[in-house]
Amino acid sequence: MKHFVLTVSAVLCFFIAKAQVPTNSFAVTSACPAADNNPSVLQKINVGGSLTPIGTVSEGGTPLMINALGFDVANQNVLYGMNVVIPTSFTDLNTPPNLYSISLTNAAATRLGPVTPPPAPAPTFGFFTSSIGFSQTFNFIGDGDRNSNYYVGAVTLRYSFPTSDILNLPSPSGVVSEVKLYVGVISLAGISSASPPAPVWHQLNTSDPATAAVISNYTTQVQTFIRSNGTTAVPDGGIQDWVYIPSTGNLVSYLGIEDKLLTISNPAVLPVATTTTPTTPIPTAQNIGAMFTDRFENVYAVDADGGTIYKIDHVFGNFSGESYGAVFGCSRGDAVSFAGALPLPVELTSFTAQSKLNRVALAWTTASEKDAASFVVERSTDGTKWQPVVTVAATNSSTGHRYTAQDEAPVPGRSYYRLAMLDQDGTVTYSSVQPVDCAAVSARIATLYPNPTQAGFRMLLTAPTTEPSRVQIVNSTGQVVWQENVASGTSTMQVQNVGLPAGLYYVRFSDKAQSQKLVITAK
């Protein structure tokens, strides 16, 4: 929500580390200061560590200042963005930005139409107190999903003031209230100047206490700013950009000033915000003004004041320890990566972790590999501290490979799994995080002795039973011919003469998860 009034965000200063920041990434940069309204330059972010200018973003020869980059996965010849409108008066706050398509060939911009915000609160007039409503589309927030949708944000609010100040707005004693955030969805399929953007707005549920606290703090900043008619500091808190996460369908935003991760679930229909505190936040409080992702759903957050790029995970917002950055001059704008952008020469198409009885089945598939060293599956119980579970050598197949592995000793309860992909030069990149819920390890039959037996036998279990159970003996046709209850905490069990004829039998627990052969011989 940075710059509710100035509607400018993201100071971008790029330095790209080799094989780290995603390929197929682009940026728009506008030289500081923002008040000069300098035109944006469309740039290609090179994997090797530089920016290649494509051109000045212009509409019919008129330069533009652009922000809120997004993409349409069905048309990777253009990007989408909104023009930055810097208000010069109190009444300009309701002016909506225009959406543009921007050619990746020459940075030529085509105006598609205004991104109309949701309706503002109706004005009121009273003897003592009156109010006016404001509604603004954030021109610094935007991202695309894989279904040709472009997600934008907006805010509506009421500004109440003494009626005696109605001819001298903004009132120095005015009060901001009824602040409501919205998520808008614009379908990019078939969009054109003849078929302008038609955002479908849904109010964001901010009832989560941590989210409500963020909104409250932001409301105070906005109120101070409006009361001063823009002479105090521009509001710095809240949402300043977001990215779409394909595996969850969520939008996530790292709130740098607050060091929080805001996650918006179900953004296209019924958006609900949840705010959490990362265990390992980005070093020092940073004003995060731009975010972009790679295919593995790693998130790259750009410090708007220093230009450093921080790599975080999208589940917890924890800082990975990897950062890239150096002074690239002061500029304002945004960055975006197309779906499928890769930080390593391994094209990962899937990674799954599933609970299977007393183990976790792990599987991942690559579409191509080059100069990869190995894969390490890591597990965490808190999303912060990770331990290796299994290491698998990379095949380096140009056509990809399917890998499988198992965690033979999972931790009961919820655990998190991720895949570390190691390059031969020592570079490491991580997959998205997969949560897995594992039941407590069940007792299993370790051995039966004596076996064969003429009558009874002793059963040794792998672990004490955690709840009352039942042991069964079944014949070769699957019929239960004997059973007995087992108390919780049992680790060994003596079975007396079962009175069964000679033959082949199977001993199992009643959950049928595992069985052991038992041979009874004639006396």
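Readers should treat all values here as calculations from the given coordinates under stated rules, not as data from a laboratory. No experiment lies behind these values; they were computed from the predicted model shown. Heads up, the Cβs are rebuilt from the backbone with ideal geometry, glycines too, and the neighbour counts pull from every protein chain shown.
What are the ³J(HN,Hα) couplings of the stretch 183-200, residue after residue, when phi is run through the Karplus curve with 6.51, -1.76, 1.60 and θ = phi - 60°? Round to Hz, x for glycine and proline.
Whole-Hz 3J(HN,Hα) from phi for the stretch 183-200: 10, x, 10, 10, 7, 8, 5, x, 6, 7, 5, 7, 10, x, x, 10, x, 9.
Determine the shape class of the stretch 179-333: with a ≥ b ≥ c the square roots of the Cα gyration tensor eigenvalues, call it rounded for a/c under 1.5, and otherwise prolate if a/b is greater than b/c, oblate otherwise.
Judged from the Cα gyration tensor, the stretch 179-333 comes out rounded (a/c under 1.5).
Output wanted: per-residue J couplings in Hz (rounded whole) for the stretch 51-62, from phi through Karplus 6.51 cos²θ - 1.76 cosθ + 1.60, θ = phi - 60°, x for Gly and Pro.
10, 10, x, 9, x, 6, 5, 9, 10, x, x, 8
How would you order 75-81, 65-71, 370-376 from highest to lowest mean count of nearby Cβ atoms within 10 Å?
Sorting 75-81, 65-71, 370-376 by mean packing, highest first, produces 65-71, 75-81, 370-376.
What full-extension length gain, to one decimal in nm, is calculated for Asp165 and Ala268 as 0.36 nm per residue of separation minus the Cα-Cα distance?
Full extension of this stretch gives 33.0 nm more.
For the stretch 382-429, which chymotrypsin sites (Phe, Trp or Tyr not before Pro) pass both filters: DSSP loop (anything but H, G, I, E, B) and at most 16 other C-beta atoms within 10 Å?
none
Once phi is turned into ³J(HN,Hα) by the Karplus curve 6.51 cos²θ - 1.76 cosθ + 1.60 with θ = phi - 60°, what whole-Hz value does each residue of the stretch 208-224 show in order, with x for glycine and proline?
3, x, 5, 5, 4, 5, 5, 5, 4, 5, 5, 4, 4, 5, 5, 4, 4
Find the relative contact order for the chain and round it to a whole percent, using C-alpha pairs within less than 8 Å whose residues are 6+ positions apart.
12
Can you tally the net charge around Ala487? Count Lys and Arg as +1, Asp and Glu as -1, for every other residue whose Cβ sits under 14 Å from the Cβ of Ala487. Walk me through the intermediate numbers first.
Working: positive: Arg470; negative: Glu467, Glu484.
Surrounding charge for Ala487 is -1.
Between Ser476 and Val428, what FRET efficiency comes out of the Förster formula 1/(1 + (r/R0)^6) with R0 = 51 Å and r the beta carbon distance, rounded to 0.05?
With R0 = 51 Å, the Cβ-Cβ based efficiency is 0.45.
So if R0 is 30 Å, what FRET efficiency would Thr404 and Asp382 give, r being the distance between their Cβ atoms, rounded to the nearest 0.05?
Approximately 0.70, to the nearest 0.05.
With Rg and Dmax of the Cα atoms in Å as the read-out, I listed (i) 22.1, 74; (ii) 26.9, 100; (iii) 29.9, 110; which label goes with the value calculated from this structure?
Step by step, Rg and Dmax of the Cα atoms in Å for this structure corresponds to label (iii).
Do you know the relative contact order of the stretch 446-522, to the nearest whole percent, from alpha carbon pairs under 8 angstrom that are 6+ apart?
For the stretch 446-522, the relative contact order is 35 percent.
Answer with one residue from Phe125, Tyr505, Pro114: the one whose Cα lies farthest towards the positive end of the charge dipole of the chain, charges on Cβ with Lys, Arg +1 and Asp, Glu -1.
Tyr505
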